[in-house]
Every structure is written in structure tokens, then in C-alpha cells.
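Novice: The structure is given below, and queries will be raised subsequently.
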């Protein structure tokens, strides 16, 4: 504070009263820490409501191996006496950034240096960026109170002082014993455990950010100079950061502390730091293909408002692209301040609230010359404050003596600081780009991110060296010692199953692959192909090419046991709209064979998602007709492998079964058509569930999908999907009942009984949502069974399992447990070191990674009534990964979950509304006029609902999916749903 500056009494705030310490915000903490599921349980629930591990895999046939894992042990955490403090300010800051400025104030920092540790040393202070402090320094029982001025370090033209009164209060002493008791299962998760974990997280971040020059973005650390980066286009870049997160684990069972740090490569996309006007131009050029060549100062014409049919001005496509600038951080270049020593003070960092658009500004838009505000000036002649209307352009001209060159561009509005012209804003580097990457960006990102295991392990070890745990004074000061060597953990390799086909049993061994040549389907299509055809779209192939492909494919299909009775009809697509094309195709095949089409092959000229989705939409929702899309380039090649892959899909869509995974028994030959499921004679149902969300920036609702196994061996699945609100992960109870009920009835009709065991495989939920699955989805599931089975019938036993790949644990096996690429062999299981100390979870790598480092699936058993032994449960899950119908390798996820993921994305075309982000430019203004009009009506309905309903966005107008088979003939819908239409 400048001692010559005096404050008026009216400027002085009162000291804040000492506030009671509040529970740490779990939502904020989970951004940086892998919390356990109990951290999200509300008070009053059970000590540990989730299933506990019943034991370990003790199968003698599962070979023991060693794998290195990228979770580093905390060797010792003998915390000295550590105090936690609460910092308050008056007046109450309305943002954490002001709290940080208060804490970093030189006057307060000087004052806090007088406090020492209990052994007389001067310790460091850790600050969480909000209201929490930690230190070994003891301030005593009395609160510290200090008056500061946030502008004390600015020069003479600093303006009015900004006084605050600070109060720092001791709230508690941290205790590591709480973590030890939790790890041992002697106490539940509570606030004391959370506080200690949060403290440890800040200790591990203090060194890299305060000593070694790293920037922290949630769990990722980036070094501005040494982090590897690659431009993706003119406005985005990919950067390799260091993923670092503290985790509780089961290492306490094997002599560790039960604490570790997960370190991994973190590949993320960021906006490129550059001038805002330049970035905006690159963004619009990329997202709007209709933007032609132009000079930079002519760019404004593409973001000007456009007049709609109603005569009102609305945002253009170019302006809508600028919405991606929201929340970008930037500094301004037109003003700078110096401190009292003459050193220039950097501009504050602002955040974009929006790019300004108001219809009232007409054709020009909200430009610097059109946007005006009331400016107050002191009139010396009248000695009074004079208020005049002033444009932003005039303000900068008068106040800063500068002319805005690109004044035609829309203005940037921030939360507090008002309007800024784009050309004066410099976008900060390392602003995350949260939107879906385009095809070119994705290709470059994959090339940048994919690393074989050997290279990834070396990269992680290099990153650990960069963290310099051994030189981190904060770790030393708080008694924390790290082991910088990647730990080696005991793992097991579960024996692979045999793959039973109609004529042979294949043993893929540890290769994870098998060849379809000479193999026949376990169950070919029940009804031979009689009514089917090939439809050529956009004249992309001639008759001879299609005929040659058909004959080749038909021979291969028959070779696999497929049944064909009639030759197909080959014809060209008729009509300009996708719905008309499908209708004419349906009529052509149906008329030719005088019955409903069983399947139609559509030959497409490219991989356009838009055409694919629209053809699927009309086929599924209008006629309930199975379809198979073919790429014309593959049709021209006619390769046998491609034809076999198509055969797998077609057979499943027509109700057939490719193969069954069976347990191999030493010394006993297996016969073809062997079926030996792992669940003995108990009728067993597998349910898969997933929820997909629209990409960032899209208005698409969430879609919930469920799949149900329909046969004894769990090879055939039925599916259902429905919209689930707006970005809602937990399946709505009414959706659960409405989707699951009809499939339970079908299961009963097909099997003659109700299931005795149900395995519910759930994908996509984080630890914070486990409790919601148990509290909402599980009761709704039981309700669906109760309504179907009726009163007096015992419900089946339920086992609920979460499967997720959203983690950073990787396996680096020794050579005797690795494939040719260095990845873990299929069937590699890890139950120790990186798992929960007592809950029932494990990591399983069931697939073969073609490129990069394989990511194991983390399975967590939340609820277990079936009570299979760990060895049987893990073997069952692994073996069923070999039954995925459209692959000749085991897949990474259990098929029930994999199919649910497919369904949630395949159901996207069934939405009532269409979204312009998916529309190719060559058809946007023709085919979609009516559809986009319907979309506009829906959006107006949502806007109207938002004005009358104050509930959350997810409760507003959310249109349902179009039902399957709206115009289908009798029997067509039943046949369609009997096959796996979604593969």
C-alpha cells in the first residue's frame, strides 16, 4: 500500500466475521482428483453402499505375469502438523480471481511472513485459489486481520484505491490417519478424508506450477517452452501435456501407503494464441465452406446479419460460427499500466461472454460505430457531470487517441469490462478447444497422439523426470517421498475361449484374431434371402460393377452358410430427397418379389455421414427395413475380406448368429456347434446401457440406449433408444421402464421363462454418478421386471457392473506377456495396486490394439446378488468379448455395452429435428428446407417454454425419437426388431 494515500472513512469496509468452515466443493475437487465413489454419497447413507471385493482371481489356469503400470507410489506421507485456514475478505469478492489478488497482495504477504512452524522455521503457504490455505506455520488461536489495497502497487495514475479487510482463521489440523482408516475399511468417506486428499493434490501441484514453470489446466500440466505441440489448422493446436492426478488405491495391501500419482500423456486441443479478429476469420473460413476468397479487411461481410423470411434480422452462418469464441481468455493491447517503479503491468485477463448480436442494429450488426452507451464527462464550463451518447468507435478515438481499423466486425462483450473491438484483443494461449474436430483435424490429432507402448512408457518416464519430485521443496517440507520408478504389478492372463462356428471350433490363442475363410455361421439367417436388392445412389456405379460385386458377395455369404433363394434386383436410386429414394427402393424390391423387402444394399459414392444417416432414418423409422450401406470404392475392389465383414453384419441383421465363445478344456476335443455358456443352467439376461450426448455447441438432446441379450449364449441382442433430456447421463426412470419392458416380454416369449439372473452392464458413468445409478436406474429396472412378471413372482438376481475407458491407467507388460507391438496380451487382468482398496473393481485388457497403446477397461461391480466368484465373473466378461458379431477379434468392452454405444449413436438420425452442422453445402438449401423449418419450430417452442418454465434446461421441450416402422406393413417391424438392426 502507498503510505501517502489516505482512505476516506466511507471507503473503509468492516472486518468480516469469522465464518464457519464449509465442506469442500466436491464438484470442483473432482476436476483434479480421481475421487472414490463414496465421495459423492450424501450424509446418512450406508458406510460403504457398494459391493466389496469378495476375493481375488485364484484360477490356476490364469498365468501370472508382471506388468508395469503408470501409477507411481507415494513411498511415505508422514505429514507433520499441518494447519488448514479459511480466508475471508470484506467486501465479499464475487470471484476467486479477486480472492487470489487479495492473498497475493504484497502487504498481506509481508505480514504473513512473521508466522513460523512449531519448530521455529518459516514454512510455505499453499493456497487453493479460493478460500482455503494450508501451512505448517501456526498463527495461533486468534484470527489474523489485515487491511490492504489491491491497487497499492500501481503507479501514480492508479485511480481510486480498492480497499479490502482480510481475516484469516485457523479451521482445523489435518490428519493422515483418517485416510489410513478409510483405506482399511474402518471408517466411511467423510469431509476429513476429502480435506486431506485435497491438500495432497495442491502439494503435488505447487512444485510444478510455482517452481518449475508449468501451467495447470485441471489435471493437465503444460510447460509453455518444453511441451510438444503441433498445429492442427490456423486456429487450433495439439499439445502434449502431463496428466497428473493423485489416487487412493490398494497398494496398502502390498506394503504401500495406499496412495499413488497417476502420470500419463495428455493430448489435448487448444485455440492458437493470436489476435481475436484473425482467429475469428480463420474460424469462419473453416466452419463455413461458402466463404470465398477475400482480403482480411473484407471478412466482416460474412458475419453481418441476414434477413429472414419474417423480415427480421438474424445471425448469419458466419456469425453463428463465432459463438465458439465464448469463454476464450484474452488480453487487450490498447492500454497498459506501470507500477510505482515504472515496470509495465500486464493487461488483466478477460473472458468472452459473447460476440454481440442484437437485431436492433440492423444490417450492419453490433459494430463499433453502431453500439453506443451513455458516457459521463465532467463539464468544466458548467461544473457538472454531462451524459452523452457515445459509440465505441468514438470512445476509443477520444479516450485512447486511436482509430479502430476493423470497426465493421461485431464487438466482444465480457462479463464486467464491457465491449472490446476484436482487433484490440489478443487471445491467450492454452485456451481449451472443446468442440468436435473435423476430419482433417482428427487425422492430424491421431498422428500426433498415437504412440506404441515402448514410446509412451519412455514419454511418461520423461514427464516424471520433468516433475522433479526429488527436488520439490513442497513435498520435502510436508514429509512426502515419491518412488520415481514405474511399479511392477502382478497380473494374470485369463485363458482365451474357443470360438464355435457351425463347422469348426477355432482357438485363436493369445493372438486375438481368427480368419473367417472356411468357417460357417453358428446360425445362418433363419429366412433365406428372397426379397432384396442393390440401390445405386448418385449414379456412382454401373450395372456391371454392381453385378460383379453381388455375385462375389453372394458366393462368400453362401460359403459362410448364408441362405439365398433369389437373385437381387439391381436398380438406380430414383428421387431427389432421401425419403423419396428409400420409398422408391422399397417399392421396387417389394413389387419385384411381391413381399416386404428383407434387406436393401445402398451403394454410396463417399463416406458422407449426412447421406448415411438420412437413408437409415427413413428405412428404420418408416418401413422398419434392414439396410446395408456400401462404399462404392469397396464395391469396385470387391475384396474377399470386405465381403466377409459385410456378411457378418447382414447375417446379424437377418436374425442369424456368427459364433459362440466356449470354454476350452484340456484333453477334450470340442465339437462344432458347441454351446457352453458360463452361467450353467440358470436363465441369464445381459442388459447393456449407454447415453450419448450431442457434440459441444450442438442443440442435440441426449439419447439413452439399452440392449438386451435374447438367447442362452448371449449372442443376439434386441435394442431400444429414446431421448433422455439435455446432457443428462442418468437414464430417466420412465425411459428405463418404457424401453426395457417390451424387451423383457420378448425375452419371455422367446425363452419360455423369465431370467433368474440379470447382469446390468452400464457404460459412460463416472464415480460421481455411481450412487445415481443405484438410486435411480436400479429401482426403475426392478420396476420394469415387476410390471412384466406380475405379483407373486420372485425377481431375478441382479449384478450391476460399470464399464469405463475414461481413465489414464496403462499396462506395460514384460516381453513374455506382450504381443508383437508391446501391448498386453488379450485377457490381461490387474486386480491390485491400481484398484480400490476394498471395493470390487478390476482392469481387463480383452482386445488387440492395432495402433498405439491399448487402454484396458475398468470394471466396477456396484451391486452383486448373483455372486459369481471373481475368476468366473472375469472369465465370463472376457470370453463374451469374443462374441461381437461384426468383428474377427475380441473387442475391448463387453458386447452388451458395445452394442448400447452403437445404438445410442445409430439412433441419432431418428431425432425429430435435423441439425445444420451435419448438412453438406450442396444440399443445405434444397432438400432440407422443410426439415430445417421443423427444426426452427422446435427451437421456438423451446424458447417459449423457457420463458414460462424456470426449471432446468434438461426439463424443457425435448422431442422424442421417431418410432420404428411408422409406415411398416404387418410383420415387418417384428422381423426388423428380431434382427440386430443397429450393427
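Values in this text are rule-based calculations from the coordinates and carry no lab data. Since the structure is predicted, the reported quantities are computational estimates derived from the model, not experimental observations. A quick note on method: Cβ atoms are made from the backbone with ideal geometry, for glycine too, and the neighbour counts reach across all protein chains shown.
Novice: Take every Cα pair under 8 Å in the chain that's 6+ residues apart, average their separations, divide by the length, and report that relative contact order as a whole percent.
Specialist: Worked out over the chain, it gives 14 percent.
Novice: If each residue of separation counts as 0.36 nm, what is the full-extension length gain between residue 682 and residue 297 once their alpha-carbon separation is subtracted?
Specialist: Computed gain between residue 682 and residue 297 is 131.3 nm.
Novice: With Kirkwood's inverse mean 1/r over C-alpha pairs for Rh, give me the Rg to Rh ratio of the stretch 204-280, two decimals please.
Specialist: The Rg/Rh ratio comes out at 1.14.
Novice: Ok, one more. Could you tell me how far the Cα centroid of the stretch 469-490 sits from the Cα centroid of the stretch 600-651, in Å?
Specialist: 54 Å
Novice: Taking only the alpha-carbon positions of the stretch 89-140 and ignoring solvent, what does the Debye formula give for the base-10 log of I(q)/I(0) at q = 0.15, 0.18, 0.20, 0.26 Å⁻¹?
Specialist: -0.45, -0.62, -0.74, -1.05
Novice: Continuing with the same structure: By how many degrees, between 0 and 90 and to the nearest 10, does the Cα long axis of helix 543-559 differ from the longest principal axis of the chain?
Specialist: So the inclination is approximately 70 degrees.
Novice: Quick check: convex hull of the Cα atoms in the chain, volume per residue, rounded to a whole Å³?
Specialist: It comes to 201 Å³ per residue, whole-number rounded.
Novice: Continuing with the same structure: Highest mean first, what order results for 381-390, 871-880 on Cβ atoms within 10 Å?
Specialist: Answer by packing, highest mean first, reads 871-880, 381-390.
Novice: Follow-up. Beyond 27 Å, what share of the Cα-Cα pairs of the stretch 363-502 is found? Please give it as a whole percent.
Specialist: That tail contains 64 percent of the Cα-Cα pairs.
Novice: If you rank 391, 892 by fewest surrounding Cβ atoms within 10 Å, what's the result?
Specialist: With the sparsest Cβ surroundings first, the list reads 391, 892.
Novice: Among 273-280, 842-849, how do they line up by average Cβ neighbours within 10 Å per residue, starting with the highest?
Specialist: 842-849, 273-280
Novice: Let me ask something else. Quote the FRET efficiency, to the nearest 0.05, computed for residue 634 versus residue 323 with a Förster distance R0 of 41 Å and r equal to the Cβ-Cβ distance.
Specialist: 0.60
Novice: I'd like the distance between the alpha-carbon centres of the stretch 686-715 and the stretch 177-255, rounded to an integer number of Å.
Specialist: Measuring centre to centre over Cα atoms gives 32 Å.
Novice: On to the next question. Please work out the FRET efficiency for the pair residue 343 and residue 229, using the Cβ-Cβ distance as r and a Förster radius of 30 Å; give the result to the nearest 0.05.
Specialist: Efficiency, rounded to the nearest 0.05: 0.50.
Novice: Provide the percentage of antiparallel DSSP beta bridges, counting only those with both residues in the chain; round to the nearest 5.
Specialist: Of all bridge pairs located within the chain, approximately 80 percent are antiparallel.
Novice: Same structure again: Seen from all sides and averaged, what is the projected area of the convex hull of the Cα atoms in the stretch 524-656, in nm²?
Specialist: Hull-based average projected area comes out at 7.0 nm².
Novice: What ranking, highest mean first, results for peptides 259-267, 485-493, 449-457 when packing means the other Cβ atoms within 10 Å averaged over each residue?
Specialist: 259-267, 485-493, 449-457
Novice: Moving to a separate point now. Helix 929-948: angle to the longest alpha-carbon principal axis of the chain, degrees 0 to 90, nearest 10?
Specialist: 50 degrees
Novice: Provide, as a two-decimal number, the C-alpha radius of gyration of the stretch 276-428 over 2.2 N^0.38 Å, N being how many residues it has.
Specialist: After normalising by residue count via 2.2 N^0.38 Å, the value is 1.16.
Novice: Quick check: pseudo-label points 7 Å beyond the Cα along Cα→Cβ at residue 783 and residue 191, how many nm apart are they?
Specialist: Placing both labels 7 Å along Cα→Cβ, they lie 3.4 nm apart.
Novice: Cα gyration tensor of the stretch 769-813, axes a ≥ b ≥ c as square roots of the eigenvalues: rounded (a/c below 1.5), prolate (a/b > b/c) or oblate?
Specialist: The shape class here is prolate.
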